[in-house]
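My questions will all concern the structure given below.
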Amino acid sequence: MSMVLMTAAGLSHGASSAPLGRGARAVAPVDALLELKGVHTHIGAYHILHGVDLVVPRGELTLLLGRNGAGKTTTLRTIMGLWQASKGAVRFAGRDITALHTPQIAGMNIAYVPENMGIFADLTVKENLLLAARKASNAAQMDAARLQWIFRLFPAVEKFWNHPAGKLSGGQKQMVAVARAMMCAPRLLMLDEPSLGLAPKMVDELLGIARRIANAGTTVLMVEQNVRKALAVADRGYVLERGALVAIERDAGEEAAFERLADDGKGGVGFGVHGSSFKESK
């Protein structure tokens with residue numbers, strides 16, 4: 001894998017993202033499905049996002065990394081219209097969606113799985129998925145081909161099809177939450193901390209599923225704190241600190257960026273990932 005490091009300044013002020021570091025190479029233009037430009041978000045008197053620029057290429061898995069309170073969830077909620085951007089623009093498939101309401105945004109086939117998963121505990125797994133099958137009023141009307149694809153991706157969904165969702169383990173509930181989001185064949189899937197609180201084996205399985213979803217053509221934007229494992233499945237990513245993208249030293253490799261993030265969160269970087277290692281490209 002080779003990785004391109006870019007200054008936060010280049011990312012957050014609309015300049016071309018010049019590669020940094022030894023052996024760095026030019027960043028190829030990307031086909032952006034989602035783009036944030038100079039986005040600020042206020043929640044009451046609190047200024048949470050400070051001019052965030054973010055590009056999510058079509059068909060890729062993009063990570064949004066950072067410590068707790070950095071603004072990652074706020075970024076996803078702003079994209080989804082749950083919180084309104086006070087400045088800047090959010091564009092999806094070339095359309096400005098900044099001022100749209102959440103139902104309109106969801107209607108554009110953008111799916112969001114929040115940190116709390118949003119599972120209806122008293123409903124069965126089947127009933128949870130039926131809620132997301134927009135054109136179906138009963139299970140028999142659900143898209144059979146789509147459902148079989150979901151069963152192959154999430155065997156636990158089929159296994160516990162008629163079980164109350166509230167009786168499942170945390171990992172199984174997360175699988176149901178992601179499977180439900182995939183029922184509407186979204187163009188963009190946003191996942192907020194999908195591995196939170198899960199056993200290592202389940203983390204590996206869930207992140208692998210996210211990779212398979214992206215490989216199948218759905219664009220994925222994922223907030224994650226399990227940094228090393230998430231980087232292993234990602235195409236590219238950004239680091240947020242205190243509501244803004246942050247920079248590292250010009251000649252630092254991605255391992256230095258990772259260590260700063262993992263140790264104390266004081267460094268950050270926008271990067272493009274290609275392959276499976278984290279050594280600086282030569």
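Are there any pairs, at least 6 apart or on different chains, whose C-beta atoms fall under 8 Å, with the first in segment 123-148 and not assigned by TED's automatic domain parsing to the domain that holds Gly166 and charged (D, E, K, R) and the second in a loop (DSSP other than H, G, I, E, B) and surrounded by fewer than 12 Cβ atoms within 10 Å (Cβ to Cβ), and if so, which?
Pairs that qualify, where the first residue is not assigned by TED's automatic domain parsing to the domain that holds Gly166 and charged (D, E, K, R) and the partner is in a loop (DSSP other than H, G, I, E, B) and surrounded by fewer than 12 Cβ atoms within 10 Å (Cβ to Cβ): there are none.
Over 29 Å from Leu54 (Cβ atoms), surrounded by 15 or more Cβ atoms within 10 Å (Cβ to Cβ) and touching a strand residue (DSSP E or B) at 6+ places or on another chain (Cβ under 8 Å): does that describe Leu123?
It is true that Leu123 is over 29 Å from Leu54 (Cβ atoms), surrounded by 15 or more Cβ atoms within 10 Å (Cβ to Cβ) and touching a strand residue (DSSP E or B) at 6+ places or on another chain (Cβ under 8 Å).
What strands (runs of 3 or more DSSP E), lying completely within segment 212-279, carry at least 3 residues that are within 22 Å of Leu36 (Cα to Cα) and modelled with pLDDT of 60 or more?
219-223, 236-241
Please count how many residues of segment 117-158 are small (Gly, Ala, Ser), closer than 16 Å to Gly171 by Cα and assigned to a helix (DSSP H, G or I).
1
Looking only at residues that are under 13 Å from the mean Cα position of the chain (by Cα) and hydrophobic (A, V, I, L, M, F, W, C) in segment 185-203, which one is nearest to Ser169 (Cα to Cα)?
Looking at residues that are under 13 Å from the mean Cα position of the chain (by Cα) and hydrophobic (A, V, I, L, M, F, W, C), I get Leu191.
Restricting to segment 183-205, give me the number of residues that are free of Cβ contacts under 8 Å to residues at least 24 places away in the same chain, closer than 20 Å to Val157 by Cβ and either part of a loop (DSSP other than H, G, I, E, B) or of a type outside the set (D, E, K, R) (or both).
Result for segment 183-205: 0.
The values are calculated or read from the model by the stated rules, or taken from the named source; none is laboratory data. The structure presented is a predicted model; accordingly, all values stated were derived computationally and were not measured. Cβ: placed from backbone, ideal geometry, glycine included. Neighbour counts: every protein chain shown.
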